[in-house]
């Protein structure tokens, strides 16, 4: 099929083609002809994802994604950098300053609806500013939103309009931070069209730039997310991912532990209270449906070996051979801290204890001053 006119899938941005089912943008000729007539042209991959939650891999390399992102440095634009409050480290695009050139940033912390009300929002903003400064980003401002529930999106839209001047707006971020969901909300506010762009929990849904005209001749542009191959979504099916990933406001769970006790977060992660004086309180902030199992530290290795995929789920037992091994990270706290399992949540721990967090190889475990 001739793609000189570059008809694009309105769901993922890929150039439509009818020749190769394994390449991005493929759609059967019958669907292509129907889509052209109705002006609703989705590729087969987006159609199946939207209607049947089926994800199909495509031959798009990391280099191709980076090449698309590199084009931003030659523009005059406002960059809206979307990060996941639950997975800041995993939200970082390495070398983002190089990709976007001298264009200014607005940092957006998504999934604010999941944060317990006991956590002060200004404290989260301060924390995001400190972390962004550490990686060399000086944002014009920081806003917290929930793209899924449309919380504070109208305020974000007003801020974008104030900051962009006569410039395009590029939405950037890694996969699964909620860029396309946010883009859909912004499109709805600007045009009234709902759910134009394909969204899912799976990485790499958007395959090319998706451009929406603004009312002053400039454009709102959704960019493909940089894929982090250590992301939990690469190792779980849709059912398990729904249990692992927070869906609703988190309800903190309190555990009183003696030194030498372990908590399993399903089969996905593990927390050890290695050493400390007296019984201590530990508060867990993870998805409300994720099973937490307590056992003795001395028995923990054996419990994990025997119960992985059975008592300790997710993941399902079918992942026994393919799921990455858990890697141990030990910390000694000097003040009240959060032990963070990037992408899952965190555990608030007291001062003056020795603890260990275990997570699948390639996924970060880190310590920070407590948010509460």
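The values are calculated or read from the model by the stated rules, or taken from the named source; none is laboratory data. Quantities reported herein were computed from a predicted structural model and do not represent experimental measurements. Cβ sites come from the backbone with ideal geometry, for glycine too, and all protein chains shown count toward neighbours.
Some observations on this one:
- Conditions (1) closer than 21 Å to residue 123 by Cβ; (2) in contact (Cβ under 8 Å) with a residue 60 or more places away in the chain; (3) surrounded by 19 or more Cβ atoms within 10 Å (Cβ to Cβ); number of the one not met by residue 337: (2)
- Test: residue 294 is in contact with a strand residue (DSSP E or B) (Cβ under 6 Å, 6 or more places away or on another chain), farther than 30 Å from residue 130 by Cβ and modelled with pLDDT of 95 or more: yes
- Test: residue in region 110-117 that is touching a helix residue (DSSP H, G or I) at 6+ places or on another chain (Cβ under 9 Å) and at pLDDT below 90: yes
- Members of region 307-328 found to be surrounded by fewer than 16 Cβ atoms within 10 Å (Cβ to Cβ) and in a strand (DSSP E or B), listed by number: 327, 328
- The listed residues are 93, 79, 124, and the only one of them that is in contact (Cβ under 8 Å) with a residue 60 or more places away in the chain, within 19 Å of the chain's Cα centre (by Cα) and assigned to a loop (DSSP other than H, G, I, E, B) turns out to be 93.
- For residue 207, the test of being at pLDDT below 95 and buried (at least 17 other Cβ atoms within 10 Å of the Cβ) is passed.
- Residue 212 surrounded by 21 or more Cβ atoms within 10 Å (Cβ to Cβ) and modelled with pLDDT under 80: no
- Check on residue 304, out of contact with any helix residue (DSSP H, G or I) (no Cβ under 9 Å at 6 or more places or on another chain) and loosely packed, with under 13 Cβ neighbours inside 10 Å: no
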